[in-house]
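K.L.:
Just passing along the structure, written as structure tokens.
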Amino acid sequence: MRRAYGRLPWRRGAVLGSVLLVLATTPAAPTATGGGGPGPAQSVILLIGDGMGDAEITAARNYSVGAAGRLAMDTLESEGRRTTFSVDERGRPVYVTDSAAGATAWATGRRTVNGRVSKTHDTDRPMPTLLELARDRGYATGSVTTASVADATPAALTAHVTDRSCKGPADMAACPADTRAGGGAGSIAEQTVAARPDVLLGGGAGHFAQTVTDGPFRGRTVLEQARAAGYQVVRDRAQLAAARPGRPVLGLFAPDYVPVEWTGAPAARGGTTPQRCAVHNPARPAGTPDLAESTRAALELLTARAGRPGAPGRGFFLQVEGASIDDRAHEADPCGQLGETVAFDRAVASALAYAERHPRTLVIVTADHGHATQVLPDDARPAGLSSTLVTDEGGRMRLGYGTALPGEPQEHTGVPVPVAARGPLAHRVRGVQENTSLFGTVRAALGLR
Ligand code: MG
Ligand code: ZN
């Protein structure tokens with residue numbers, strides 16, 4: 001294993017660490033099916049709608065394909081629900097998670113405190129992640145998001161920090177133990193480059209433009225660190241299309257969040273006049289790839305990386321995040337939220353199309369937590385904010401946001417979220433699952449233990 005972990009606080013974790021150390025030095029023989037890994041799946045695509053609970057999915061379904069229609073994410077054969085709660089420092093349940101603790105749950109198989117990224121809830125120690133385990137077992141790895149690639153959900157795969165705010169070297173106020181000067185591994189952006197996933201696509205150019213303050217890259221930017229690690233850096237759709245799989249790819253398509261797809265009037269007290277969403281956001285540069293395009297590019301690059309000469313002949317692990325479903329729901333911006341959910345669903349469709357051609361691909365679609373959205377009767381008189389949307393099928397849909405005072409950001413909710421899967425081990429998502437169980441499902445699918 002490339003990273004030296006501190007003493008893990010749980011016996012099981014310590015045993016796992018030593019087992020993986022052995023496995024990492026013992027290459028498995030290629031299977032008879034040709035090029036497969038040691039698990040039932042060759043590759044895993046994990047798609048996360050941030051803040052995409054059942055109400056957010058229902059709103060997007062109603063708006064875009066109609067109440068009786070089906071989104072791509074509705075068509076996977078196995079379905080269940082995942083709990084979403086996190087814990088406090090003493091391990092007691094906290095009923096509403098944030099995205100850092102939510103992603104840590106599947107990335108590491110352990111719950112942590114809200115705000116923390118893949119470190120323990122009590123002793124604040126790093127925990128190995130699915131991406132690290134897959135990488136160390138010879139799989140190609142990738143992460144695609146519409147947020148900064150240093151944001152909490154992608155970070156949970158590639159970094160270990162006390163607080164999610166520690167995105168770049170200039171953002172380390174909340175993470176004294178993680179600073180290089182303090183003996184830590186640095187900011188999320190620095191750790192993400194060091195984790196060296198084969199494909200990393202999203203926003204966050206601003207975090208990579210920051211200057212590293214300590215360690216071997218002191219005085220250089222994180223982007224220079226990435227180039228030194230062999231990354232080819234792409235900034236738009238054309239450059240992404242021109243990227244070749246010989247070297248890892250870092251796509252930075254925006255300074256922070258990638259601008260959203262749709263715009264419209266925000267929800268308001270007493271509601272809005274019935275509105276249709278504008279499906280082109282003028283603030284979105286023309287060359288910006290959408291999430292489905294980035295997902296398809298990542299799948300192509302990862303397939304080639306996994307099969308390149310000298311590679312162990314295995315598949316890949318890819319996480320795809322629709323990040324701004326959450327961001328727009330915080331702002332009670334129904335059109336922004338719906339557009340991001342529909343864009344996420346197109347990424348799901350791209351993943352399912354890939355799995356059709358590569359049947360040993362496990363596709364999992366889920367969320368990290370629910371959000372504030374409620375689908376209300378059109379004549380409701382909610383105390384909070386609301387907006388009426390005219391759907392594609394001509395209906396009127398009233399969406400309410402009532403989890404905060406007007407002017408303040410809306411809150412996450414503590415509901416279980418849907419989880420759907422297709423492919424090897426898809427049955428393991430059925431029923432009510434712990435939010436940590438996806439870790440074991442992906443690990444078993446790729447034979448990571
Ligand atoms: Mg997120
Ligand atoms: Zn959120």
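K.L.:
Quick one: what are the phi-derived ³J(HN,Hα) couplings along the range 388-402, Karplus 6.51/-1.76/1.60 with θ = phi - 60°, whole Hz, x for glycine and proline?
P.N.:
So the Karplus estimates, Gly and Pro as x, are 9, 10, 9, 6, 4, 8, x, x, 10, 10, 9, 9, x, 9, x Hz.
K.L.:
I've got another one for you. Please give the contour-minus-distance gain from residue 331 to residue 170: 0.36 nm per residue of separation, less the Cα-Cα distance, rounded to one decimal in nm.
P.N.:
Residue separation times 0.36 nm, minus the Cα-Cα distance, leaves 55.3 nm.
K.L.:
Work out from phi, with θ = phi - 60° and the Karplus expression 6.51 cos²θ - 1.76 cosθ + 1.60, the ³J(HN,Hα) of each residue of the range 95-103, listed in order in whole Hz, and give x for Gly and Pro.
P.N.:
Calculated HN-Hα couplings, in order: 6, 10, 8, 9, 6, 5, 5, x, 6 Hz.
K.L.:
Another question, then. For the pair residue 177 and residue 276, how long in nm is the line joining their label points, each one 7 Å along Cα→Cβ?
P.N.:
The two pseudo-label positions are separated by 5.5 nm.
K.L.:
Follow-up. To the nearest 20 debye, what is the magnitude of the charge dipole of the range 3-446 about its Cα centre, counting +1 on the Cβ of each Lys and Arg and -1 on the Cβ of each Asp and Glu?
P.N.:
1540
K.L.:
Normalised by the number of residues in the chain, what is the relative contact order in percent for Cα pairs under 8 Å and 6+ residues apart?
P.N.:
Result for the chain is 27 percent.
K.L.:
What translational D, rounded to a whole number of µm²/s, comes out for the range 33-145 from Stokes-Einstein when the hydrodynamic radius is the Kirkwood one over Cα pairs, at 37 °C and 0.692 mPa s?
P.N.:
198
K.L.:
Continuing with the same structure: Taking the dipole about the Cα centre of the range 3-446, with the C-beta of Lys and Arg at +1 and of Asp and Glu at -1, give me whichever of 102, 40, 421 is farthest to the positive side.
P.N.:
It is 40.
K.L.:
Of all the accessible heavy-atom surface of the range 3-446, with the other protein chains kept in place and a 1.4 Å probe, what percent is carbon and sulfur?
P.N.:
53
K.L.:
On a 0 to 90° scale, report how tilted helix 54-64 is relative to the longest principal axis of the chain, with both axes built from alpha carbons and the result rounded to the nearest 10.
P.N.:
Computed tilt is about 60 degrees.
K.L.:
If each DSSP helix of 4+ residues adds -39,500 (n - 2.57) and the sum is divided by the residues in the chain, what number results at 222 nm, nearest 500 deg cm²/dmol?
P.N.:
Helices in the chain give a 222 nm mean residue ellipticity of -8500 deg cm²/dmol.
K.L.:
Using a 1.4 angstrom probe, figure out how much accessible area the range 3-446 has per residue, in square angstrom, rounded to the nearest whole.
P.N.:
Accessible surface, normalised per residue, equals 37 Å².
K.L.:
What residues have an amide H closer than 5 Å to that of residue 144, excluding those fewer than 5 places away on the same chain, when H is modeled at 1.01 Å from N in the peptide plane?
P.N.:
The answer is 201, 319, 320, 321.
K.L.:
Using only the Cα atoms, work out Rg/Rh for the chain, with Rh taken as the Kirkwood radius, to two decimals.
P.N.:
Taking Rg over the Kirkwood Rh, I get 0.96.
K.L.:
Here is a further query. Using amide H atoms built 1.01 Å from N in the peptide plane, name the residues 5+ places from residue 88, or on other chains, whose amide H lies under 5 Å from its own.
P.N.:
94
K.L.:
Next up: On a 0 to 90° scale, report how tilted helix 291-306 is relative to the longest principal axis of the chain, with both axes built from alpha carbons and the result rounded to the nearest 10.
P.N.:
20
K.L.:
Quote the charge dipole size of the range 71-139 about the Cα centre in Debye, to the nearest 20; the model charges only the Cβ of Lys and Arg (+1) and of Asp and Glu (-1).
P.N.:
Taking the Cα centre of the range 71-139 as origin, the dipole is about 240 debye.
K.L.:
If you don't mind, there's one more thing I want to ask. Any idea what the dipole of the range 313-390 comes to, in debye rounded to 20, about its Cα centre with Lys/Arg Cβ at +1 and Asp/Glu Cβ at -1?
P.N.:
My answer is approximately 480 debye.
K.L.:
Quickly work out the residue 427-to-residue 68 label distance, labels modelled 7 Å from Cα along the C-beta direction, and quote it in nm with one decimal.
P.N.:
3.4
K.L.:
Here is a further query. What length, rounded to one decimal in nm, is gained on full extension from residue 381 through to residue 220, with 0.36 nm per residue of separation minus their alpha-carbon distance?
P.N.:
Extending this stretch completely gives an extra 52.4 nm.
K.L.:
Moving to a separate point now. Tell me which of 432, 347, 217 sits at the most positive position along the dipole axis of the chain, charges placed on C-beta atoms (Lys, Arg +1; Asp, Glu -1).
P.N.:
Positive-end residue among those listed: 217.
K.L.:
Taking θ = phi - 60°, what integer Hz values does the Karplus form 6.51 cos²θ - 1.76 cosθ + 1.60 yield along the range 114-125, in sequence order, with x for Gly and Pro?
P.N.:
4, x, 8, 10, 6, 10, 5, 6, 9, 9, 6, 9
K.L.:
Okay, next question. Using a 1.4 Å probe and ignoring any ligands, DNA or RNA, find the accessible area of residue 99 and quote it in Å² to the nearest 10.
P.N.:
About 0 Å², rounded to the nearest 10.
K.L.:
Taking the chain as the reference, fit the longest principal axis to its C-alpha atoms, fit the long axis of helix 334-357 to the helix C-alpha atoms, and give the angle between the two in degrees, 0 to 90, nearest 10.
P.N.:
Approximately 50 degrees, to the nearest 10.
K.L.:
Then there's this: Looking at the range 47-138, which trypsin sites (Lys or Arg not before Pro) are DSSP coil and have at most 11 other C-beta atoms within 10 Å of their C-beta?
P.N.:
Loop-located and lightly packed - 70, 90.
K.L.:
While we're here: In the chain, if the dipole is taken from +1 on Lys/Arg beta carbons and -1 on Asp/Glu beta carbons about the Cα centre, which of 334, 156, 262 is farthest to the positive end?
P.N.:
Towards the positive end, the residue furthest out is 156.
The values are calculated or read from the model by the stated rules, or taken from the named source; none is laboratory data. Just so we're clear, the structure is a prediction, and the values are computed from it rather than from any experiment. Because the Cβ atoms are built from the backbone with ideal geometry, glycine has one as well, and the counts that use them run over all protein chains shown. Quick note on the areas: whole protein, heavy atoms, side chains included, nothing else; ligands and nucleic acids left out. Shrake-Rupley method; radii C 1.70, N 1.55, O 1.52, S 1.80 Å.
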